[in-house]
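Heads up, the thing below is written out as structure tokens.
The values are calculated or read from the model by the stated rules, or taken from the named source; none is laboratory data. Note that the structure is predicted; figures quoted are calculated from it, not measured. Cβ sites come from the backbone with ideal geometry, for glycine too, and all protein chains shown count toward neighbours. Just so you know, the surface numbers come from the protein's heavy atoms only, side chains and all, with ligands and any DNA or RNA stripped out. Shrake-Rupley method; radii C 1.70, N 1.55, O 1.52, S 1.80 Å.
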Amino acid sequence: MSERTLSDLDVYQQLTRIAAEIDALQAAAISLIGQTALNTAAKTVRGMAQAVYEHSLSDGAH
């Protein structure tokens, strides 16, 4: 198994993609509990993506 390295941009893009996939799952969920769980998961993943962006990718944000 070969190891793949990920840049901060790669991490940001993957997290954003995963959040979009979770959104699609939420739209297909039939119960309110499932929808709420997936909505929370998508928000959490988007928060992680935003943190990567703010700390690593933005131009002089800090």
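A few remarks follow.
- Once the Cβ-Cβ distance of Ala28 and Met48 is raised to the sixth power relative to R0 = 22 Å, the FRET efficiency obtained is 0.45.
- Lys, Arg +1 and Asp, Glu -1 on Cβ, resulting dipole of the chain about Cα centre, debye, nearest 20: 220 debye
- Using a simple spin-label model with pseudo-atoms 7 Å out from Cα toward Cβ, Gln35 and Val11 lie 3.4 nm apart.
- Angle between the chain longest axis and helix 8-28 axis [Cα atoms, degrees, rounded to 10]: 10 degrees
- Carbon/sulfur fraction of accessible area - the chain, other protein chains in place, 1.4 Å, %: 58 percent
- Summarised in one figure, the compactness ratio Rg/Rh of the chain, Cα atoms and Kirkwood Rh, is 1.11.
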